[in-house]
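Quick notes on the structure that follows.
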Amino acid sequence: MHPDVVKDNPGSCPICGMDLVKKETGGAAVKEVELDALIKPTNEFVISSVPVTSIEKRAEEIEIEALGSIAYDTRAVGSISARVSGRIEKLYVRHRYQKINKGQRIMDIYSPELLTAQQNLLFLLKNDAGNTAMIEAAKEKLLLAGMSKEQLQQVLQSKQASLTVAVYSNYSGHIHESTGTGMDNSSEKMKDVSLLTEELLLKEGMYVNKGQTVFLVYNPAKAWAVLNIFGDNSALLQKGNAVRIVPETAPGKDFRARIDFIEPFYRKENKTLTARVYFDNSSLKIPIGSQVRAIVFGNSKNAYWLPKEAVLSLGLDKVVFQKVKDGFKAQKINTGILHKTHIQVLSGLHVTDSVAANAQYLMDSESFIKVKENE
């Protein structure tokens, strides 16, 4: 029988003579979709049968992933200053980042002012030994000018004025110049090896002024982790949040701490909010400038949540497809934070509303979705 031969009553095929067979479609009439649904614009209404979901209210434990680096704790920076004006006769440190200890001799300064003060003391001791008030005042002047008690005692015993005064460090750590070329808390400078091994600009024979800060001492045992937090997570960050930090140079030395300070501005170079975590680096010995990964445990968020696949982004607007009688309609919603596989819903839906579990299935690529505000 030829399939192109169709009649509205029984009979035979006029070509081959075979009996015609009754054709049955087996279909059923679609009764649940009304005419007004079929004629609605496709950019406002969609007829489909896809799984649905609804908003769920629960307390979500927020975990924020962040990257950062280890930097010196500038609160522990010490300064070495010249207490008298004079010329540097001997310098005992030679290059940047040189390790020094508390009490270590840094340099010797020849000071005409200090030499004159010593000679005045020796003159009083020789010619007016009974004038104890003047003698004590002369001793005090030398001590205030930077001479140590040991040096003063040596002058009194030898009855000879010392030509130089030694300057000692009151701090332990890495030494840097205070002329702007030292460490400035940026890990970028750590990458330039020439800056690490370069000689100090301060040389023997140079002059220093009274009160001038000659060196800065940064203590690597006191450090902080500088964490970069993206803007969409900044609202979840608070001082005191627990954080787990994993150094990339030593993953086995991960440690727990808390957010101690949140900088009240965005850094120009990365446009992120910066949080500081202070910690004791004396036992960990994590190199300054090391990169770290961190997980910040934010406050639990008691809110309404939807799977992120159920929300469609139209740029500034967020849309879901809300289940109605005959299909789905596009509904604008206001959203909050995105956490893992869920997104926070601020307004636009009720607990009893059902929406398409995956909004991408219902989007018409050839038309722009129109949404209406809630009345």
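The values are calculated or read from the model by the stated rules, or taken from the named source; none is laboratory data. The structure presented is a predicted model; accordingly, all values stated were derived computationally and were not measured. Positions of Cβ are generated from backbone atoms using ideal geometry, with glycine treated the same way; all protein chains shown enter the neighbour counts. Note: accessible area is taken over every heavy atom of the protein model, side chains too, but ligands, DNA and RNA are not part of it. Shrake-Rupley method; radii C 1.70, N 1.55, O 1.52, S 1.80 Å.
Quick look at the values:
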{"quantity": "Meets criteria (among the charged types (D, E, K, R) and open to solvent by less than 70 Å² (accessible area, probe 1.4 Å)) for LYS139", "calculated": "yes"}
{"quantity": "Subset of the range 82-101 [in a strand (DSSP E or B) and either under 34 Å from the mean Cα position of the chain (by Cα) or not assigned by the TED database to the domain that holds LEU143 (or both)]", "calculated": "HIS95, LYS99, ILE100"}
{"quantity": "Search result, residues across the range 325-375 that are assigned to a loop (DSSP other than H, G, I, E, B) and at pLDDT 85 or above", "calculated": "GLY348, LEU349, HIS350, VAL351, THR352, ASP353, SER354, ALA357, ASN358"}
{"quantity": "The range 256-308, subset hydroxyl-bearing (Ser, Thr, Tyr) and open to solvent by 20 Å² or more (accessible area, probe 1.4 Å), residue nearest to ASN358 (Cα to Cα)", "calculated": "TYR304"}
{"quantity": "Inter-residue pairs, beta-carbon under 8 Å, first β-branched (Val, Ile, Thr) and in the range 197-225, second open to solvent by 80 Å² or more (accessible area, probe 1.4 Å), 6+ apart", "calculated": "VAL217/TYR171"}
{"quantity": "Selection count, the range 113-126, where residues are touching a Leu at 6+ places or on another chain (Cβ under 7 Å) and open to solvent by 80 Å² or more (accessible area, probe 1.4 Å)", "calculated": "0"}
{"quantity": "Single unsatisfied condition, VAL320 versus (1) closer than 15 Å to VAL50 by Cα; (2) open to solvent by 20 Å² or more (accessible area, probe 1.4 Å); (3) among the β-branched types (Val, Ile, Thr); (4) touching an Asp or Glu at 6+ places or on another chain (Cβ under 9 Å)", "calculated": "(2)"}
{"quantity": "Criterion violated by MET206 - all others in (1) more than 25 Å from the chain's Cα centre (by Cα); (2) at pLDDT 85 or above; (3) open to solvent by less than 70 Å² (accessible area, probe 1.4 Å); (4) within 27 Å of HIS95 (Cβ to Cβ) satisfied", "calculated": "(3)"}
{"quantity": "The range 225-254, residues that are surrounded by fewer than 18 Cβ atoms within 10 Å (Cβ to Cβ) and among the β-branched types (Val, Ile, Thr)", "calculated": "VAL246, THR249"}
{"quantity": "Wholly enclosed helices (runs of 4 or more DSSP H) of the range 102-175 bearing at least 2 residues over 26 Å from LEU216 (Cβ atoms) and in contact (Cβ under 8 Å) with a residue 40 or more places away in the chain", "calculated": "112-127"}
{"quantity": "Selected residue (criterion: nearest to GLU63 (Cα to Cα)) from residues of the range 251-281 that are out of contact with any Pro (no Cβ under 9 Å at 6 or more places or on another chain) and in a loop (DSSP other than H, G, I, E, B)", "calculated": "ILE259"}
{"quantity": "Qualifying residue in the range 93-112 (condition: open to solvent by 80 Å² or more (accessible area, probe 1.4 Å) and over 30 Å from ASN281 (Cα atoms))", "calculated": "no"}
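Condition check ((1) more than 19 Å from ARG83 (Cα to Cα); (2) at pLDDT below 85; (3) of a type in the set (A, V, I, L, M, F, W, C)) across all residues:
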site	(1), (2), (3)
GLN160	yes, no, no
ALA166	no, no, yes
HIS174	yes, no, no
ASN185	yes, yes, no
